[in-house]
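One structure below.
The values are calculated or read from the model by the stated rules, or taken from the named source; none is laboratory data. Because the structure is predicted, anything quoted here is derived from the model rather than measured. FYI the Cβ positions are ideal-geometry reconstructions off the backbone, even for glycines, and counts take in every protein chain you see.
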Amino acid sequence: MLQANPNNYAVVVSTEMVGYNWYPGKDRSMLIPNCYFRMGCAAMLLSNRHRDHRRAKYRLEHIVRTHKGADVRSFRSIYQDEDSEKFKGIKISKDLVEIGGDAIKTNITTLGPLVLPVSEQLLFFSTLVWKILFGNGAKSHPTKPYIPDYKLAFEHFCVHAASKTVLDELQRNLKLSDKNLEASRAALHRFGNTSSSSIWYELAYLEAKEQVKRGDRVWQLAFGSGFKCNSVVWKSLRKIRRPSRNPWLDCLDRYPQEIFRPNPGTV
């Protein structure tokens, strides 16, 4: 809307309202969302007015949207339905992890050429061409897909705080450090899964910790029913000082916590 309407403001509200889809029935698969999500809300003011550049904290660099709704399995991976007693609720497919992983992979692959250094792009595409030409290689020397180092493209990561398992898998697959996912784990521990608003709680955490410097790049990655996955890239226009109003100010000294990562040899 801002691209089509110059010299304007836009207010974006991200929220999770569990009351709307609260399930009062007895189907166990439909009871999961009652336990899984928490209420959360965040609002952002965007501007494309030239004179607001001096006041703005970030500049929007890239948006990549991936939506798999045309595929039936993806569309029905998380969807509203009725149980045998006509109670409405959210059904979650057992294929959700596989479907979600495919959407995230598609989104990240599209984002890569926009943000990664040329050296990383060359390594990625060379392994891709090798796989196309020679398959997976010999059984004794299988060709592993090259995972670009996204730490070369971003200083900060705000990953949708869906669950500990999701964060662990994304950290492992993208080869991120504990520090990279500190904000995401803190948001999950403090507020739970607040859906799309979680990435804004995470950005607020980085600001409260005064970790965002001038020129830093922030990657926000979120996903949800549809199945959809979206990436937003921001560039900091100045050093972000600790704000006077922030959801973390009353508990900032408690984070990061050691409970985020299990000790070796424990269950």
| message | What are the pairs with Cβ atoms under 9 angstrom where one residue, in region 15-27, is farther than 14 Å from Gly40 by Cβ and the other, located anywhere, is aromatic (Phe, Trp, Tyr) and not in a loop (DSSP other than H, G, I, E, B)? Sequence gap at least six, or different chains. | response | Asn21/Phe37
| remark: Being under 27 Å from Leu152 (Cα atoms) and modelled with pLDDT of 90 or more narrows Tyr9, Tyr58 down to just Tyr58
| query | Out of Tyr36, Tyr9, Tyr23, which single residue is farther than 23 Å from Phe191 by Cα and hydroxyl-bearing (Ser, Thr, Tyr)? | reply | Tyr9
| Leu152 being surrounded by 15 or more Cβ atoms within 10 Å (Cβ to Cβ) and modelled with pLDDT of 90 or more | no
| message | Against the definition (on the phi < 0 side of the Ramachandran plot and free of Cβ contacts under 8 Å to residues at least 12 places away in the same chain), how does Asp178 come out, yes or no? | response | no
| request: Working only within region 39-97, note down all residues that are without any contact (Cβ under 8 Å) to a residue 24 or more places away in the chain and either polar (S, T, N, Q) or touching a helix residue (DSSP H, G or I) at 6+ places or on another chain (Cβ under 7 Å) (or both). | output: Ser93, Asp95
| What number of residues in region 47-74 are hydroxyl-bearing (Ser, Thr, Tyr) and either in contact with a Gly (Cβ under 9 Å, 6 or more places away or on another chain) or within 13 Å of Ser231 (Cβ to Cβ) (or both)? | 2
| said: Return the pair list, or none, for Cβ contacts closer than 6 Å from residues in region 185-199 that are over 17 Å from Val13 (Cα atoms) to residues that are part of a helix (DSSP H, G or I), at least 6 apart or on different chains. | reply: Arg185/Phe260; Ala186/Tyr205; Ala187/Ser198; Ala187/Tyr201; Ala187/Glu202; Phe191/Tyr201
| query | Restricting attention to region 199-251, which residues are among the polar types (S, T, N, Q) and touching a Ser or Thr at 6+ places or on another chain (Cβ under 9 Å)? | reply | Gln220, Ser225, Asn230, Ser231
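Each row is one residue, and each column tells you yes or no for (1) closer than 16 Å to Tyr58 by Cβ; (2) surrounded by 22 or more Cβ atoms within 10 Å (Cβ to Cβ); (3) modelled with pLDDT under 95; (4) under 12 Å from the mean Cα position of the chain (by Cα).
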site	(1), (2), (3), (4)
Glu169	no, no, yes, no
Ser197	no, yes, yes, yes
Phe227	no, yes, yes, no
Glu258	no, no, yes, no
| Extreme residue, nearest to Pro24 (Cα to Cα), among residues of region 64-113 that are of a type in the set (A, V, I, L, M) and in a helix (DSSP H, G or I) | Leu96
| request: Could you check, for region 114-133, whether at least one of its residues is in a helix (DSSP H, G or I) and at pLDDT 90 or above? | output: yes
| said: List pairs: first residue in region 226-244 and basic (Lys, Arg), second residue in a strand (DSSP E or B) and surrounded by fewer than 21 Cβ atoms within 10 Å (Cβ to Cβ) anywhere in the structure, Cβ distance under 9 angstrom, at least six positions apart or on different chains. | reply: Lys228/Arg65; Lys228/His67; Lys235/Tyr58; Lys235/Arg59; Lys235/Leu60; Lys235/Glu61; Lys235/Arg217
| request: Inspect region 118-125 for any residue being in contact (Cβ under 8 Å) with a residue 24 or more places away in the chain and within 30 Å of Glu207 (Cβ to Cβ) and give the result as yes or no. | output: yes
| message | Tell me the residue from Tyr36, Tyr23 that is touching a helix residue (DSSP H, G or I) at 6+ places or on another chain (Cβ under 6 Å) and surrounded by 12 or more Cβ atoms within 10 Å (Cβ to Cβ), please. | response | Tyr23
